[in-house]
1. From the residues THR224, GLY235, ILE213, which one has its Cα farthest along the dipole of region 204-244 in the positive direction, the dipole being from +1 and -1 charges on Cβ of Lys/Arg and Asp/Glu about the Cα centre?
2. For LYS40, which lysines qualify as cross-link partners when the Cα separation must be under 26 Å and same-chain residues fewer than eight apart are set aside?
3. If you stretched the chain out fully between ASP127 and GLU261, how much longer would it get, using 0.36 nm times the residue separation minus the C-alpha to C-alpha distance?
4. With only Lys, Arg, Asp and Glu charged, each at its Cβ (+1 for the first two, -1 for the last two), find how big the charge dipole of the chain is about the Cα centre; round to the nearest 20 debye.
5. What distance in nm separates the two pseudo spin-label positions at ASP52 and SER384, each 7 Å out from Cα along the beta-carbon direction?
6. Add +1 for every Lys or Arg and -1 for every Asp or Glu among the other residues with Cβ under 11 Å from the Cβ of PHE293, and state the total.
7. Run the simple label-point estimate for ALA303 and ASP319 please: 7 Å along Cα→C-beta, distance reported in nm.
8. Which of GLY148, MET352, ASN48 sits closest to the plus end of the dipole of the chain, meaning its Cα is farthest towards the positive end, when Lys and Arg get +1 and Asp and Glu get -1 on the C-beta?
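The values are calculated or read from the model by the stated rules, or taken from the named source; none is laboratory data. Keep in mind it's a predicted model, so treat the numbers as computed, not measured. Cβ atoms come from the backbone with ideal geometry, glycine included; neighbour counts cover every protein chain shown. Calculation scope for accessible area: heavy atoms of the full protein, side chains included, ligands and nucleic acids excluded. Shrake-Rupley method; radii C 1.70, N 1.55, O 1.52, S 1.80 Å.
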Amino acid sequence: MKKPLSVIMASTVAISLLLAGCGNKDSDNSGATQSAGTEKVKLSLWHNYTGDDQRAQTMRSIIEQFQKDHTNIELDIQAIPPDGYRTRLKTVAAANEMPDLFVMWPGIMTKEFQAGGMIQPINELLDKQAEWKNGFLPGSFDGFTIDGNIYSAPIALSPTSILYYNQSILDANGLQVPKTWDDLMKAVEVLKGKKITPIALGNKASWLAQSSILSSLADRVTGTEWFLKAAAQDGAKFTDPEFVQALQHLQDLGNAGAFQEGFNAIDNTQMEQMFAQGKSAFMIDGGWALTNFAANASPEAMAQMGATVLPSIPGGKGDPNTLSGVVGTGLGLGKDATGAKKEAAFELMLAMAGPDAQKRVLESNQLVSYKVDLDKSKVTPIFSAVYELLNTVKMTPVYDGIMTSAGAEAVNNGLQELLMGGKAEDIAKKIQDAQAKSLGK
């Protein structure tokens, strides 16, 4: 990703085309199970598909089938839970010991690994598999592209800021789906009065409040252009009044009792379970929740779920009909994978992100950035609802997809502090200092 703006524009196009009835290429496996040769090859693979959600189960199944079909390729697999995955990956990167293949995020992670010489482009594979390459939606590779070189192919599409709601709880308390910030604050007041948790939050790993709440909430207040300038430290700063106001809106939610006690002590999976069990009226989370619901929530619970965008902010500069999000993760190719090992890595990459895999991932209730028609009989009602919602909105950036690692970490830590009573102006300064320092400005 050379320019942050390209992610937003490309993701917007990708969303609209995803839902516009694109042609189905899911019948073509593109030779995903053909062996690279008879030479014995050992290949290391790191992934974070450790959960019980349908997508994780699907990806593990694909890996297992690959092992059965490629007896000459020995896989050394490290399966790391999502909350600790990024930290582990950055640790081995710092030690210059990258795996051969690993789950990698577009945007800043790709840029940092490329700048450090940690990864290789996959143009060679994409050029050999032109039909597969052409099956991706326009803009799908932007977050993985640097100076014309493509470093991964996405296996998912990730809106991060969906406002999920429980219709039965709203109906029982005379509430409507909130359209404005005042609507949301009023709903919080009513629900608190009935001793019902308004919004489930699981911010133990600290990224959730940033990715799912602030990325969209702040865009409502500041507008996208301001954020891109602040992230680049070019004409805007995180100490500007509009960003401080965005932080204050989030703090207002916390002060009003919108979140349950101990929200920094549970993770997003526990948060999703809490919402699915009817223990909160709302949850602000990403599209990844859909595959967890499909695996763990009852049909009765999912029948009560709806999905919408965050409410509009009075006087806000941003478009309220948006969701923050990015093209999802892909597989990075480590710098040391050469010769037969590289060929084996390409085969595994194709098996995990090829046409058949994309279809299986979509049917596991996970959105994809690939031309696959959705058979609604294969997915849950709430997945279909989100799928339709995405046809009506634009995509805006996620903070940790655009900011430097140090800047994003300052946001994550700052929001935990903010929701525990920290001062918005002080937190804004910490974020500004971290982003400026990491950019050398």
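1. In region 204-244, that residue is ILE213.
2. Straight-distance partners of LYS40: LYS68, LYS128, LYS335, LYS341, LYS342.
3. Working: separation 134, 0.36 × 134 = 48.24 nm, distance 5.24 nm.
Here the segment from ASP127 to GLU261 would lengthen by 43.0 nm.
4. It works out to roughly 420 debye.
5. Taking the two extended label points, one gets 2.6 nm.
6. Values: positive: none; negative: ASP53, GLU272, ASP285.
In short, -3.
7. Here the answer is 3.7 nm between the modelled labels.
8. Of the candidates, GLY148 comes out farthest on the positive side.
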